[in-house]
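First the structure, in the form of structure tokens, and then the observations on it.
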Amino acid sequence: MANLGFIGLGVMGSQMVNRLLDKGHVVTGYNRTRSKAQWLVDRGMKWGESPRAVAAAADVTFVMVANTEALKSVSDGPDGFLAGLSAGKVLIDMSTVSPSASRVLASKVREKGADMVDAPVSGSVTTLQEGKLSVMVGGRRETFDRVKPLLLDIGPKVTYVGDNGLALSMKIAINLSLAVQMLAFSEGVLLAEKSGIARETAVDVLTHSVIGSPMVQYRGPFVLKMPKEAWFNVNMMQKDMLLALEMGNELNVPLPTTAIVNEFLTAARGMGMADQDFAVIFNVLARMSGVLK
């Protein structure tokens, strides 16, 4: 049983806390909107009044927020988690932010005598609930060894990839492929549909064919019915595409398909779909194809 903190109790973060509570850990949590986390308090999670309070109360603190700006808002200032860190504590940042921003934060954490790893995840809420989530970790090896058992309580696959920031590089490399796969899948469905094949039949055949990756199998059916609550919305996915394009520019790696799918995400936002799951790029292409009006 460990004394843990968790900052950022959104869709994924709250389910992670749920698993950590199931494992018997003590968890102190904070979320900008407390009402969204009340069910976890009812389950036994302690409530921290600020990110600082959470970091001060815990030996190991997890952070999972939307972007670099959100990470700064919970880290800096008198109520930020940096103010609550002290020697011997560990911060596990599971947010998907730029690798350079993560390395800057790691330096600030170490100035407090604590240490930090970046530990983004690959998978969705369903993957997490099924116990199939994978975690990538960047940072000092000895710190990774210390927190690995905790990460295994969240997901069964935990991989050390190297120094701080490299796990984020790996996560961004994965996410660009998710969006590109979704666009390619949408092209195939619409080509089949406009040829005269029922959409349901096309989705069934494609998801069970050689192109049926795990992502295609669980998200492909969204083109038949989009989920009421986005698993990973357009804004979040475009944030990751822009991070990928920034990295590609810095590293001289052309990312042509990433650039194309980024434009489809922009179109989705322009059509008022920003809060829908990024699979809604199918609807963008369907409108361009004349299938949807």
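The values are calculated or read from the model by the stated rules, or taken from the named source; none is laboratory data. Quick caveat, the model's predicted, so the values are computed rather than measured. Cβ: placed from backbone, ideal geometry, glycine included. Neighbour counts: every protein chain shown. We work out accessible area using only protein heavy atoms, side chains counted, and drop any ligands, DNA or RNA first. Shrake-Rupley method; radii C 1.70, N 1.55, O 1.52, S 1.80 Å.
For the reader, a short list of remarks on this structure follows.
- Per-pair calculated FRET efficiency, R0 = 30 Å: ASN249 and GLU229 via Cβ, rounded to 0.05: 0.35
- Contour excess over end-to-end distance, with Cα ends at GLN129 and SER177 and 0.36 nm allotted per residue: 15.0 nm
- The chain - mean residue ellipticity at 222 nm from DSSP helices (-39,500 (n - 2.57) per run, n ≥ 4, rounded to 500): -15500 deg cm²/dmol
- Each Cα pair under 8 Å and six or more residues apart adds its sequence gap; the mean of these over the residue count of region 138-231 is a relative contact order of 20 percent.
- Label-to-label distance for ASP275 and LYS72 is 2.6 nm, based on points extended 7 Å past Cα in the beta-carbon direction.
- Given R0 = 30 Å, the distance between the Cβ atoms of SER213 and VAL11 translates into a calculated FRET efficiency of 0.85.
- Note on region 1-133: Kirkwood radius taken over Cα pairs, Stokes-Einstein applied at 25 °C and 0.890 mPa s, translational D equal to 169 µm² s⁻¹.
- Label-point separation, ARG141 to ARG32 (7 Å along Cα→Cβ), nm: 3.9
- Semi-axes of the equivalent ellipsoid of the chain are 36, 20, 17 Å, computed as sqrt(5λ) over the eigenvalues of the C-alpha gyration tensor in descending order.
- Projected label distance in nm at GLU49 and LYS293, using a 7 Å step from Cα toward the beta-carbon: 5.8
- According to the calculation over all Cα-Cα pairs in region 138-239, the P(r) per 5 Å bin from zero is 2, 10, 16, 17, 15, 13, 10, 7, 5, 3, 1, 0 %.
- What the Cβ-Cβ distance of ASP79 and ASP204 gives, at R0 = 35 Å and to the nearest 0.05, is a FRET efficiency of 0.10.
- Counting only residues at least eight positions apart within a chain, or on another chain, the aspartates and glutamates with an alpha carbon under 17 Å from that of LYS228 are ASP275, ASP277.
- Distant-in-sequence amide contacts of GLY29, defined by a placed amide H-H separation under 5 Å and a gap of 5 or more residues or a different chain, comprise PHE6, LYS46, TRP47, GLY48.
- Structural size metrics of region 1-56, computed from C-alpha coordinates, are Rg and Dmax of 9.8, 27 Å.
- Screening the chain for DSSP H helices whose Cα atoms reach 15 Å or more along their own axis and whose mean Kyte hydropathy is at least -0.5 gives 11-22, 99-111, 141-152, 166-195, 234-251, 256-270.
- Solvent exposure of region 180-290 amounts to 51 Å² per residue of accessible area, where only protein heavy atoms count and the probe is 1.4 Å.
- Sulfur and carbon atoms: percent of accessible area, region 140-240 [1.4 Å]: 58
- Taking GLY165, GLY113, GLY138 as the candidate residues, the one with maximal mean-square fluctuation in a Gaussian network model of the chain, Cα springs under 10 Å, is GLY113.
- Take the Cα of THR257, go 7 Å toward its beta carbon, and the backbone nitrogen atoms of region 203-219 under 13 Å from that spot belong to 211-213, 216.
- Among the listed pairs LYS108/LYS171; LYS46/LYS148; LYS72/LYS239; LYS112/LYS148; LYS108/LYS157, those beyond 20 Å (Cα-Cα): LYS108/LYS171; LYS46/LYS148; LYS112/LYS148; LYS108/LYS157
- Taking a straight line from the alpha carbon of LYS23, these aspartates and glutamates sit under 14 Å away, with near neighbours fewer than eight places off in the same chain left out: ASP153.
- Accessible carbon and sulfur surface of region 1-55 relative to its total accessible area, %, 1.4 Å: 45
- Counting charges near THR257 (Lys, Arg +1; Asp, Glu -1) among other residues having Cβ under 13 Å from its Cβ returns a value of -2.
- Length released on extending from SER107 to ALA87, taking residue separation times 0.36 nm less the Cα-Cα span: 5.8 nm
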